[in-house]
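Written out below as structure tokens is the structure these notes cover.
The values are calculated or read from the model by the stated rules, or taken from the named source; none is laboratory data. Just so it is clear, the structure is predicted and the values come from calculations on it, not from any experiment. Because the Cβ atoms are built from the backbone with ideal geometry, glycine has one as well, and the counts that use them run over all protein chains shown.
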């Protein structure tokens with residue numbers, strides 16, 4: 001529920017072609033289009049960010065303004081890249097969502113202390129892995145052997161960068177943008193690095209007749 | 001006092017300390033979700049508006065753009081952006 005965030009649905013009926021021509025025009029047509037686009041963005045944003053921040057939060061109003069301004073600038077800058085695969089307003093909302101969520105993720109990670117992150121070094125294991133009801137010594141020894149074997153594979157197959165990326169993204173659940181910033185790369189390159197690492201490990205396990213699901217199932221309570 | 005997170009990571013990289021059992025299991029869980037085919041985040045972003053419109057209007061977006069759907073299943077950040085855009089379009093179409 002977005003109580004307090006009542007922003008009237010903008011009555012904008014431009015076609016994609018009209019949006020583009022008005023935003024490329026000079027004077028009043030452009031000003032009017034920018035004003036309408038501003039309404040479109042500000043109407044949608046409360047819904048976009050409702051999972052992270054409520055409209056009553058003191059942080060919300062400045063965020064709304066900042067994201068709106070940045071979105072308008074980016075839209076004008078990238079007008080030529082709009083391919084018309086969607087409504088122009090949907091394309092604009094997509095840009096606003098990216099800007100807003102990037103800002104919210106940055107703030108979230110700025111606010112969380114490094115010590116807190118260390119305390120939560122490893123994400124909690126799923127209940128299946130935690131609920132280990134006194135397995136016998138043979139089972140424990142088999143599990144230890146399997147973990148040691150997988151550990152050796154990880155150490156042999158992963159580059160230091162891939163290892164760091166997997167820990168940040170897969171274990172720590174650090175957002176992609178934040179992890180990319182820490183690793184001095186970009187989101188796309190980091191996703192590719194992670195993807196390549198996962199495939200490399202998956203293929204190596206497959207070559208040895210193993211798969212991740214079967215190994216993990218050995219740790220579930222019988 | 002614990003050392004800062006980024007220093008710990010740096011040390012892990014330099015010294016190749018053995019990965020803990022929980023980290024090894026964490027990697028295995030990541031591998032469970034790994035898919036052979038994938039597209040980069042930038043390609044997902046380029047088509048996200050089109051995908052979400054199809055989804056909102058019930059046009060079987062996942063079937064029409066399966067690689068994009070698979071990426072959304074694996075990539076937390078892209079998935080968040082998809083859901084946020086879905087909320088915007090759903091309210092605009094009177095469903096939210």
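In table form, for the structure just shown:
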quantity: Criterion (within 8 Å of chain B (Cβ to nearest Cβ), surrounded by 16 or more Cβ atoms within 10 Å (Cβ to Cβ) and within 18 Å of residue B:74 (Cβ to Cβ)) met by exactly one of A:205, A:194, A:154, A:190; calculated: A:205
quantity: Those residues of the stretch B:13-24 which are within 8 Å of chain A (Cβ to nearest Cβ), modelled with pLDDT under 70 and assigned to a loop (DSSP other than H, G, I, E, B), in sequence order; calculated: B:16
quantity: Within the stretch B:25-46, tally of residues that are at pLDDT 85 or above and surrounded by fewer than 21 Cβ atoms within 10 Å (Cβ to Cβ); calculated: 4
quantity: Scan of the stretch B:77-96 for residues that are part of a helix (DSSP H, G or I), farther than 12 Å from residue A:93 by Cα and facing chain A (nearest Cβ under 7 Å), ordered by number; calculated: B:77, B:80, B:91
quantity: Of residues in the stretch B:34-73 being under 15 Å from residue A:191 (Cβ atoms) and facing chain A (nearest Cβ under 8 Å), the one nearest to the chain's Cα centre (by Cα); calculated: B:41
quantity: Scope the stretch A:166-187; condition more than 8 Å from chain B (Cβ to nearest Cβ), surrounded by fewer than 16 Cβ atoms within 10 Å (Cβ to Cβ) and touching a residue at least 12 places away in the same chain (Cβ under 8 Å); matching residues; calculated: none
quantity: Residue within the stretch A:132-141 that is in a loop (DSSP other than H, G, I, E, B), modelled with pLDDT under 50 and under 17 Å from residue B:22 (Cβ atoms) present; calculated: yes
quantity: Selected residue [within 18 Å of residue B:45 (Cα to Cα), touching a residue at least 24 places away in the same chain (Cβ under 8 Å) and away from every other protein chain (no Cβ under 13 Å)] from A:70, A:66; calculated: A:70
quantity: Any hit, the stretch B:3-12, residues being at pLDDT 90 or above, facing chain A (nearest Cβ under 7 Å) and buried (at least 17 other Cβ atoms within 10 Å of the Cβ); calculated: no
